[in-house]
C-alpha cells in the first residue's frame, strides 16, 4: 500500500494521460491530507494497512464492492448510466509502473474526482466481476491516494480461488499472531 507511483517516469497508455499526469503532479505537489474513508471498503482497507488481522475481512468485502475503472472511450452522457453489451469491447485506462501495466481502480466516485479533474467515463462493477472479466490484469486501488492498494494479478488469482485466506493465515501465524477458533473460522 505504500509505494506510490511518482508522476515522473510513468508511461500512460490511454487518452486520459495528460489529465492523469496533471492530477498526479497536483497531488504530489500539494500538502498531504488525512484520508477520510468514504465507505466501508475504504475503512477496511485503511484498517488492514495498520493491522494485518483485518486483511481477510478487507478481501472478502472487496469482492462484493463496486469499483470504478476509467473507460475513456465508452459513450455515455454525463450523469447517465448504461450497461455494457454482451462481449462489448472497451478500452480501459492503464498505467505502466515498475515494468508492469496497472489498471487504476477506485473505491468511490470521490476518489476518481480527486485525481481526474475533468469529467471522465467510468465503468462501475463489483470487483469480483471486474477480476473475472480481466483475469490477468493488475489493479491499483485508489492510485496516488493516501490509502491505496496495488493488486497484482497473482494476488487477485489467490483471492478469486480463496487460497489467499490460507496464505494470510500461515503468514500471520509465522509472525506470532495467534488465532482463537472464532478468528480462524473468519479467515476461511
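A short reminder: the numbers here are calculations on the coordinates, not readings from a lab. Given the structure is predicted, the values throughout are model-derived calculations rather than measurements. Every residue, glycine among them, receives a Cβ derived from its backbone with ideal geometry; neighbour counts consider all protein chains shown.
Using a 10 Å cut-off around each Cβ, can you sort 117, 149, 77 from fewest to most neighbouring Cβ atoms? The partial results should precede the final answer.
Values: 117 12, 149 21, 77 8.
Fewest to most other Cβ atoms nearby, the residues stand as 77, 117, 149.
For the pair residue 39 and residue 91, what calculated FRET efficiency results from E = 1/(1 + (r/R0)^6), where r is the Cβ-Cβ distance and R0 = 35 Å, to the nearest 0.05? Can you show the working numbers first?
Working: r = 27 Å, r/R0 = 0.77.
E(calc), rounded to 0.05, equals 0.85.
Please give the length that would be gained between residue 98 and residue 84 if that part of the chain were fully extended, namely 0.36 nm times their separation in residues minus their C-alpha to C-alpha distance (nm, one decimal). Walk me through the intermediate numbers first.
On the way: separation 14, 0.36 × 14 = 5.04 nm, distance 3.14 nm.
Going from the current span to full extension adds 1.9 nm.
Taking the Cα-to-Cβ direction at residue 128 and at residue 110 and moving 7 Å from each Cα, how far apart do the two end points lie in nm?
Here the modelled spin labels are 2.7 nm apart.
With 10 angstrom as the radius, rank 84, 144 by how many other C-beta atoms surround their C-beta, starting from the fewest. Working shown, then result.
Numbers: 84 13, 144 21.
Fewest-to-most ranking of 84, 144: 84, 144.
Take 133, 45 and order them by how many other Cβ atoms sit within 10 Å, fewest up front. Walk me through the intermediate numbers first.
Values: 133 13, 45 26.
Placing the least packed residue first, the sequence is 133, 45.
Using packing as a proxy for protection, rank 157-163, 36-42 so that the peptide with the highest average count of other Cβ atoms within 10 Å comes first.
Details: 157-163: 13.7, 36-42: 15.9.
Packing proxy ranking, top to bottom: 36-42, 157-163.
Return the distance in nm (one decimal) between the two label points of a simple spin-label model at residue 63 and residue 160, each offset 7 Å from Cα along Cα→Cβ.
1.2 nm
Grab the beta carbon distance between residue 73 and residue 50, set R0 = 45 Å, and tell me the FRET efficiency rounded to 0.05.
The value I calculate is 0.70.
Kirkwood hydrodynamic radius (Cα pairs, Å) of the stretch 44-188? If you can, show how the numbers build up before the last one.
Details: mean 1/r = 0.0604 Å⁻¹.
After inverting the mean inverse Cα-Cα distance, the result is 16.5 Å.
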